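Colleague: The structure is given below, and queries will be raised subsequently.
The values are calculated or read from the model by the stated rules, or taken from the named source; none is laboratory data. Keep in mind it's a predicted model, so treat the numbers as computed, not measured. As a convention, Cβ positions derive from the backbone with ideal geometry for all residues, glycine included, and neighbour counts pool all protein chains shown.
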Amino acid sequence: MPSRRALLLAAAAPVFGATRDLNCDIAVIGASFGGVAAALAALRNGYTVVLTEETDWIGGQVTSQMVPPDEHQWIEQFGGTRAYRDYRNGVRAYYHRNFPLTEDARAKPFLNPGEGSVSRITHEPRVSLEVLESMLQPYISGGRLRLLLEHKPVSASVDRDRVQAVTVARGNVQRTITAKYFIDGTDQGELLPLTKTEFVTGFETGEPHGPSQPQPNNIQATTWCFAMSHHPGEDHTIDKPATYDFWKSYTPNLKPSWSGKLLSWSYSDPITLKAKTLGFDPEKPTQGVLNLWTYRRIAAKSNFRPGAYTSDICLVNWPQNDYWLTGKPEEAKQLSLSLLYWMQTDMGFKGLKLRGDVSGTEDGLAKYAYIRESRRIQAEFTVLEQHVGQEARRSLTTAEPFADSVGIGYYRIDLHPSTGGDNYIDIASMPFQIPLGSLIPKRVENLLPACKNLGTTHITNGCYRLHPVEWNIGESAGCLAAFALTRKEPPRRVRADQTLLKDFQSWIQTQGIELAWPRP
C-alpha cells in the first residue's frame, strides 16, 4: 500500500481535476505551522483550498525546522486554540498508539516524550508531521484540499489592490493558482514582494529598546538545527567541515560584548548579558548548570521499554549554532556542522551521531533553517513594545487590550543576536492579544499573513513568533478569509464595522479561539 507521503505527493483531488493550473476559494502559499492552521480553518468552514509547501514536509517550525514547541506555562489549561490542543493531543496519542512506552510513561497525564526542559511536549519532528498530515487527510480524501509539496512561489499577478494569481514552481514545472483570497504561510513572507504588498524588515524606531535610525537589514539569527544521539565507545566523527577553522576561532563581535568564543560552553546570558556557563553531558546530569543535552531532548530513552532506544535523541538549537553574520540561511549549515565536529573532536564526544533519519535528510541537518524573523506586512495596526512589554507598560498590570482581538499568546520578548551586531534582547512581556488589525495589510485587499509576517515590529516579533501564537495567527487568518467569503465583505470592513467585528469574534470563539486571558 502506498505511504501517506506518496499519496500526498501524487494525489489529484477530484474537485481540482488533473490540469496543471488550479483554482480554489483560498490559496495558502507555504505550509508553515501557521500555514497549516490557516488551511485547516478555511477547510473546516467549507471552502476549497490549495496549500503549497517548498519542502516535502508540512509544518515548518515543528517538522522541517525541527523545533519542538516553545510554549507558555499555562498551555495545558488555557492559552491556545482548540485546534492547537487537538494537534498537541494528537502528538501524545501518536506516542501512546505507536511507541513502546514504559508503563510509567504511559501513565503520565501530560507525557513529554523527550523530557526536554524547554517544553512540556518535546518530541520527534516526524511525529508532528504524521499528526499534521492526518489532520489534513480527510480534506484531501474529500476533494476540497490540494496539497502541492516541493512547490515554491515564483511570481504573482496583481490587479491594483487585489492579488489575482500566484505561480509556484517544482523544478521546471510551474502551476498558476487563482483564488479569491491568498494567505502567506511562508516563513519569510515570500508573497509580500511578489504581490507588491507593502512590508518592513529589520529593526524599526519608536520603541524603548529600538534604535534611533531604522535598520532594515538587521534581523535575528537563523539556526540550522540537527538531531544527534550518543553511543559511547563508537566513533561517528563527521568529515571536517570546510569552514571549521574559522568557526573554531570565531569570537562574536556583538554589542554588548559576547562572553568569548562562540564554540565553547560559555555564552552571554540572554537577560543579563553576563558570561554564563552551560553544561553538556549525555550520560548524567550536570551539576549547577543547564545541561544542553536535556534542554531540547526530543526522545528520552527512559520513556520507552528497554532496548527500544539505544540512546536519547537531542535536538541542537543552541546559542552555539545561532547564525547572524549574513542573512543567508544556507551558510548556517557550516556553523552547525562545525559545532558537531567540535564536540566530537575537541570535546572528545566521538560517540555523538548525526541523525539524518530523524531529520529526513541526506546531510543530517534539518530540511530548512529555523527562521525567527520574517518580512512583515505594513498593517492597519502594528503591535509595539509599548503594547506588550512589561517595562514599557510601567505601572500597568496587563498588556494593551485590543477591541479587535482574534487570539491570545504569551512569551518573553526573546530576540536572538542579530545581523546588525546586537546581542540578545530578552525582556519581560505580559500575556497579550492578537489584534485583527495586525492581520490586514494597509492596502492589499485579499492577502493575509499566517505566521511571523503579521504586523509586529522587530521587537514584538520576539514574543509573537512562538508555536501556539503562530498557530493562532494562521487559524485566525483562515477563519477571516472564510468569513469574508461567507459575508461577502472584505477583511478591512470586518474590522471597521462593529457589527461585523462582533459577529466574527463570536463566530471564531465557537470554533475554540480564545480572545482574552482569564482574569486572575
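Colleague: For segment 16-30, state whether one or more residues are polar (S, T, N, Q), modelled with pLDDT of 95 or more and over 22 Å from Gln433 (Cβ atoms).
Modeller: yes
Colleague: Further question: Can you say whether Lys248 is basic (Lys, Arg) and not assigned by TED's automatic domain parsing to the domain that holds Thr456, as far as the supplied structure shows?
Modeller: It is true that Lys248 is basic (Lys, Arg) and not assigned by TED's automatic domain parsing to the domain that holds Thr456.
Colleague: Based on what the data block shows, is Gly35 in a helix (DSSP H, G or I), on the phi < 0 side of the Ramachandran plot and either buried (at least 24 other Cβ atoms within 10 Å of the Cβ) or under 16 Å from the mean Cα position of the chain (by Cα) (or both)?
Modeller: For Gly35, the condition - in a helix (DSSP H, G or I), on the phi < 0 side of the Ramachandran plot and either buried (at least 24 other Cβ atoms within 10 Å of the Cβ) or under 16 Å from the mean Cα position of the chain (by Cα) (or both) - is met.
Colleague: Could I ask something else about it? Criterion first (part of a loop (DSSP other than H, G, I, E, B), in the same structural domain as Arg443 (by TED's automatic domain parsing) and either touching a His at 6+ places or on another chain (Cβ under 7 Å) or of a type in the set (Phe, Trp, Tyr) (or both)) does Phe381 satisfy it?
Modeller: Yes; evaluated as a whole, the condition is true for this residue.
Colleague: With over 15 Å from Phe402 (Cα atoms) and not charged (D, E, K, R) as the only criterion, which of Pro491, Pro431 stands out?
Modeller: Matching residue, one of Pro491, Pro431: Pro491.
Colleague: With the requirement that a residue be part of a loop (DSSP other than H, G, I, E, B), touching a residue at least 40 places away in the same chain (Cβ under 8 Å) and crowded, with 21+ Cβ neighbours inside 10 Å, what does segment 384-421 give you?
Modeller: Asp404, Tyr410, His416, Pro417, Thr419
Colleague: Would you point out the residue of segment 159-188, among those that are among the hydrophobic types (A, V, I, L, M, F, W, C) and buried (at least 17 other Cβ atoms within 10 Å of the Cβ), that is nearest to Arg443 (Cα to Cα)?
Modeller: Val163
Colleague: Tell me, yes or no, whether segment 332-344 has at least one residue that is assigned by TED's automatic domain parsing to the domain that holds Arg465, outside any loop (DSSP other than H, G, I, E, B) and at pLDDT 95 or above.
Modeller: no
Colleague: Same structure again: Determine, yes or no, whether Gly407 is more than 21 Å from the chain's Cα centre (by Cα) and either over 30 Å from Trp507 (Cα atoms) or at pLDDT 95 or above (or both).
Modeller: Considered against the rule, which asks whether it is more than 21 Å from the chain's Cα centre (by Cα) and either over 30 Å from Trp507 (Cα atoms) or at pLDDT 95 or above (or both), Gly407 comes out as no.
Colleague: In segment 55-80, what count of residues is obtained for those that are buried (at least 24 other Cβ atoms within 10 Å of the Cβ) and on the phi < 0 side of the Ramachandran plot?
Modeller: 11
Colleague: Filter segment 222-251 down to the residues that are assigned to a helix (DSSP H, G or I) and either among the hydroxyl-bearing types (Ser, Thr, Tyr) or under 30 Å from the mean Cα position of the chain (by Cα) (or both) and list them by number.
Modeller: The answer is Tyr244, Phe246, Trp247, Lys248, Ser249.
Colleague: While we're looking at this one, here's another question. Yes or no: segment 445-465 includes at least one residue that is over 19 Å from the mean Cα position of the chain (by Cα), crowded, with 24+ Cβ neighbours inside 10 Å, among the hydrophobic types (A, V, I, L, M, F, W, C) and closer than 26 Å to Thr178 by Cβ.
Modeller: yes
Colleague: From (1) under 24 Å from the mean Cα position of the chain (by Cα); (2) at pLDDT below 95; (3) not aromatic (Phe, Trp, Tyr), pick out the condition that doesn't hold for Ser395.
Modeller: The one condition Ser395 does not meet is (1).
Colleague: Which condition from (1) crowded, with 22+ Cβ neighbours inside 10 Å; (2) assigned to a helix (DSSP H, G or I) is the one that Ser374 breaks?
Modeller: Here Ser374 clears every test but (2).
Colleague: Further, regarding this structure: Identify, please: which residue in segment 189-219 is in contact with a helix residue (DSSP H, G or I) (Cβ under 8 Å, 6 or more places away or on another chain) and closer than 18 Å to Ile427 by Cα and is, among those, surrounded by the fewest Cβ atoms within 10 Å (Cβ to Cβ)?
Modeller: Of everything passing the filter in segment 189-219, Pro208 is surrounded by the fewest Cβ atoms within 10 Å (Cβ to Cβ).
Colleague: Select from segment 257-272 the residues that are in contact with a Leu (Cβ under 8 Å, 6 or more places away or on another chain) and either farther than 28 Å from Ala428 by Cβ or modelled with pLDDT under 95 (or both) and list them in ascending order.
Modeller: Answer for segment 257-272, where residues must be in contact with a Leu (Cβ under 8 Å, 6 or more places away or on another chain) and either farther than 28 Å from Ala428 by Cβ or modelled with pLDDT under 95 (or both): just Leu263.
Colleague: Next question. Restricting to segment 156-194, what's the tally of residues that are farther than 14 Å from Pro449 by Cβ and acidic (Asp, Glu)?
Modeller: Total satisfying the criteria: 2.
Colleague: Can I ask one more? Does Thr81 fit the bill of being under 14 Å from Gly474 (Cα atoms) and either small (Gly, Ala, Ser) or modelled with pLDDT of 95 or more (or both)?
Modeller: Considered against the rule, which asks whether it is under 14 Å from Gly474 (Cα atoms) and either small (Gly, Ala, Ser) or modelled with pLDDT of 95 or more (or both), Thr81 comes out as yes.
Colleague: Which of the residues belonging to segment 467-503 are within 18 Å of Ala39 (Cα to Cα) and either surrounded by fewer than 18 Cβ atoms within 10 Å (Cβ to Cβ) or of a type in the set (A, V, I, L, M, F, W, C) (or both)?
Modeller: Answer for segment 467-503, where residues must be within 18 Å of Ala39 (Cα to Cα) and either surrounded by fewer than 18 Cβ atoms within 10 Å (Cβ to Cβ) or of a type in the set (A, V, I, L, M, F, W, C) (or both): Val469, Trp471, Ile473, Ala477, Cys479, Leu480, Ala481, Ala482, Phe483, Ala484, Leu485, Thr486.
Colleague: Starting from segment 351-368, take each residue that is in contact (Cβ under 8 Å) with a residue 60 or more places away in the chain and list its partners that are among the acidic types (Asp, Glu), counting only C-beta distances under 7 angstrom and pairs at least six apart or across chains.
Modeller: That search, which allows pairs on different chains as well, returns Gly351/Glu234; Val358/Glu124.
Colleague: Moving on. Just need a number here: residues in segment 191-221 that are assigned to a helix (DSSP H, G or I) and of a type outside the set (A, V, I, L, M).
Modeller: 1
Colleague: Looking at Glu103, Glu124, which one is over 26 Å from Ile508 (Cα atoms), at pLDDT 95 or above and either surrounded by 13 or more Cβ atoms within 10 Å (Cβ to Cβ) or not acidic (Asp, Glu) (or both)?
Modeller: Glu124
Colleague: Something else about it: If the Cβ limit is 9 Å and pairs must be 6+ apart or interchain, which residue in segment 266-279 that is among the aromatic types (Phe, Trp, Tyr) pairs with which residue that is part of a loop (DSSP other than H, G, I, E, B) and surrounded by 15 or more Cβ atoms within 10 Å (Cβ to Cβ)?
Modeller: These pairs meet every condition: Tyr267/Trp258; Tyr267/Ser259; Tyr267/Leu278; Tyr267/Trp318.
Colleague: Does Phe110 satisfy the criteria of being loosely packed, with under 14 Cβ neighbours inside 10 Å, touching a residue at least 40 places away in the same chain (Cβ under 8 Å), more than 30 Å from Arg20 (Cβ to Cβ) and in the same structural domain as Ser405 (by TED's automatic domain parsing)?
Modeller: Taking the combined requirement at face value, the residue does not satisfy it.
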